[in-house]
1. Identify, please: which residue in segment 1-39 is basic (K, R) and more than 20 Å from A304 (Cα to Cα) and is, among those, surrounded by the fewest Cβ atoms within 10 Å (Cβ to Cβ)?
2. Hey, among A40, A45, A9, which residue is under 24 Å from the mean Cα position of the chain (by Cα), in the same structural domain as N307 (by TED's automatic domain parsing) and at pLDDT 95 or above?
3. For segment 10-31, how many residues meet the condition of being part of a helix (DSSP H, G or I) and within 10 Å of the ligand (Cβ to nearest atom)?
4. I'd like to check something: does segment 152-172 contain any residue that is crowded, with 19+ Cβ neighbours inside 10 Å, among the aliphatic types (A, V, I, L, M) and touching a helix residue (DSSP H, G or I) at 6+ places or on another chain (Cβ under 9 Å)?
5. Which of (1) more than 30 Å from A356 (Cα to Cα); (2) within 16 Å of the ligand (Cβ to nearest atom) is the odd one out, the single condition V114 does not satisfy?
6. Specify the residue that is farthest from V122 (Cα to Cα); the eligible residues are those in segment 11-31 that are among the aliphatic types (A, V, I, L, M) and without any contact (Cβ under 8 Å) to a residue 40 or more places away in the chain.
7. When only residues in segment 62-76 that are surrounded by 18 or more Cβ atoms within 10 Å (Cβ to Cβ) and closer than 17 Å to A31 by Cβ count, which is farthest from the ligand (Cβ to nearest atom)?
Amino acid sequence: MTKIGIIGAGAIASVHIDSYNRLSEHAKVTAVCDTFRQKADGLIAEKALDATVYDDYEKLLADPVIDAVSICLPPNMHCSVAVIALKMGKHVLVEKPMASSLEECDRMIEASRVSGKILSVVSQNRFNTPFARVKNMLDIGVLGSVVYANFESLWWRGQLYYDLWWSGTWEQESGGCFMSHAVHYLDLMHMLFGMPKRVQSVMSNVVHDNSECEDLGFAVFDYGDKLVQFTCSLVSHGERHGISIEGEKGSISIPWAVSASRALPNGFPEEDTAQREKLEQTYHSIPELPLEGHDAQISNFLKAIRNEEPVVVNGSEGRKTLELVMGIYNSSVSGTSFAFPVATDDAFYRKETMVAAMPKFHEKKKSVDNFSTSKITLGSNMGR
Ligand SMILES: NC(=O)c1ccc[n+]([C@@H]2O[C@H](COP(=O)([O-])OP(=O)(O)OC[C@H]3O[C@@H](n4cnc5c(N)ncnc54)[C@H](O)[C@@H]3O)[C@@H](O)[C@H]2O)c1
């Protein structure tokens, strides 16, 4: 039985606790920590946990009973708490984004290497059936070469969203919608296609005047043999997410859609029914995942702790997503295309120099310690 400590008892902590509870054969949440003690108390009562309350994470980390922690803190704290936890011999599952900078990611990866403890970064959409099916289809090559893909990370957040004290600041949140929301899709992009050669981006804040950071942006990634277009928005009503992938032998999309064309003698298209049906059958023949989202990722984290399987989203996988964000920010500031990788002497490797380089779209004037509700949406219908 893996004993779990939850650090940060805000909105996402509840999702972690529900997953650990559903996996109760192998995990037990034994401690919850928040500087607002009443939030930790509240979660323990709401989830009927037999757990100790802490208001200081260092005390939770000193608790010898605890084997592993879920870090559900604001992004600015992910690195420092993860490094201490790993040094104290705890396995770490850290919420997205992995950290505020690549330099912080590297410190976390090194702490995991030295301690021999597992570091995993939440990226729950990797564990969704539609994405798993599309990945499988690319792996077996049914589309032929991929030449173009389009990712849409379209969310909506009201003005009040940025009133939370750590939200909408380069210092605390380390970015806007690319850092906070598009990370889910950037993770899927490098999972499907690997790392690009270059990126060209533009971004702005068009609605949220209590945030220093972007709420809308566009990026085009150049892979040499394909281009990937990426739209990231917090101003799009509803929650619309999508990927379309154009290959030599057909086009597939999430939410699921498929088409295949072949050329008439004049180059104009006609539908290739046999190929479309082949792609349709392949997609549906790939089984549904037994667990999805946080449940699936936390199950992988627990199995990795028990040495039953490798951790899927380890530190270096989490770092790649942050490197994509830093490339996007670099290009948006310079107005030119940015060539990967981000070097260790690049201003976008370290947080202080990245923050200094970024424009403040607006001044954050309002700040609240807590909202009256912790209800959130996770985009969990992604791809359905
Ligand atoms: N995977 C997802 O889909 C998803 C969704 C939402 C949030 N998140 C991520 O989860 C993290 C937390 O987000 P949230 O929405 O739960 O934020 P939140 O503000 O609701 O919760 C964070 C909690 O940390 C507590 N805290 C702050 N400093 C602390 C300290 N020093 N010691 C102990 N507790 C402290 C706060 O009081 C708060 O209760 C962020 O990184 C966010 O990006 C991920």
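The values are calculated or read from the model by the stated rules, or taken from the named source; none is laboratory data. Nothing here was measured: the structure is a model prediction, and the numbers come from that model. Here the Cβ is made from the backbone with ideal geometry for all residues, glycine too, and neighbour counts use every protein chain on show.
1. Keep residues of segment 1-39 that are basic (K, R), which gives 3, 22, 28, 37, 39.
Filter once more, keeping what is more than 20 Å from A304 (Cα to Cα): 37, 39.
Numbers: R37: 15, K39: 20.
Residue satisfying both the conditions and the ranking: R37.
2. On the way: A40 fails: under 24 Å from the mean Cα position of the chain (by Cα); A45 fails: under 24 Å from the mean Cα position of the chain (by Cα).
Going through A40, A45, A9 in turn, just one is under 24 Å from the mean Cα position of the chain (by Cα), in the same structural domain as N307 (by TED's automatic domain parsing) and at pLDDT 95 or above: A9.
3. From segment 10-31, those part of a helix (DSSP H, G or I) are 11-22; that's our starting set.
When the remaining residues are screened for being within 10 Å of the ligand (Cβ to nearest atom), the result is 11-16.
The qualifying residues number 6.
4. Among the residues of segment 152-172, not one is crowded, with 19+ Cβ neighbours inside 10 Å, among the aliphatic types (A, V, I, L, M) and touching a helix residue (DSSP H, G or I) at 6+ places or on another chain (Cβ under 9 Å), which makes the answer no.
5. (2)
6. Going residue by residue through segment 11-31, those that are among the aliphatic types (A, V, I, L, M) are 11-13, 15, 17, 23, 27, 29, 31.
Now drop any that are not without any contact (Cβ under 8 Å) to a residue 40 or more places away in the chain, which leaves 17, 29, 31.
Numbers: I17: 14, V29: 18, A31: 20 Å.
In this case the residue turns out to be A31.
7. Within segment 62-76, the match that is farthest from the ligand (Cβ to nearest atom) is D67.
Each row is one residue, and each column tells you yes or no for (1) surrounded by 16 or more Cβ atoms within 10 Å (Cβ to Cβ); (2) free of Cβ contacts under 8 Å to residues at least 40 places away in the same chain.
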position: E246; (1), (2): yes, no
position: K249; (1), (2): yes, no
position: I254; (1), (2): yes, no
position: A260; (1), (2): yes, yes
position: F268; (1), (2): no, yes
position: E277; (1), (2): no, yes
position: I286; (1), (2): yes, no
